[in-house]
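See below for the structure under consideration.
Quick note: the coordinates plus some simple rules give every number you see, no bench work behind them. Note that the coordinates shown come from a computational prediction; the quantities given were computed from them, not determined experimentally.
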Amino acid sequence: LGVVERQLRNANSVEPCPNPDTNTITYTDQNGISGSFSCNNIGAADSYIASASARLTNSDITITSCSFMCTAGTAGNPPFVSVSLEAEDATAVGVQNSKVTTSTQIYLRSY
């Protein structure tokens, strides 16, 4: 989540915003370079979050829910991205297996 937050906070823009596919968010960084984050194979044993084609989560974690939702800015307020993630240990079973949920809103800096 830290990588996602740093990249999006420093992004010049998220296109399109709002994004129709909440499993993927595409942005342009402060240097004009395009990047993206995506939720892949959600709920499956090989689920993960990726930055472009690089895997951000390891295979010991199963991503059970994931979304990136961009909300357009308004007068005086920059656009923001709401990130919601839910994951669990891929190898734990029974009472040892529990889900972890986190969410955050990331406001883009205005350049």
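Side notes on the structure shown:
- Gain upon complete extension [Q96, S13; 0.36 nm per residue less C-alpha separation]: 25.8 nm
- Sequence-distant residues sharing a close amide H with I106 (under 5 Å, placed H): V81, S82, V83
- Annotation: amide H of T57 within the under-5 Å range of I49, sequence separation 5 or more or interchain, hydrogens built in the peptide plane.
- Full-extension gain in nm, N41 to T22, via 0.36 nm per residue minus C-alpha separation: 5.5 nm
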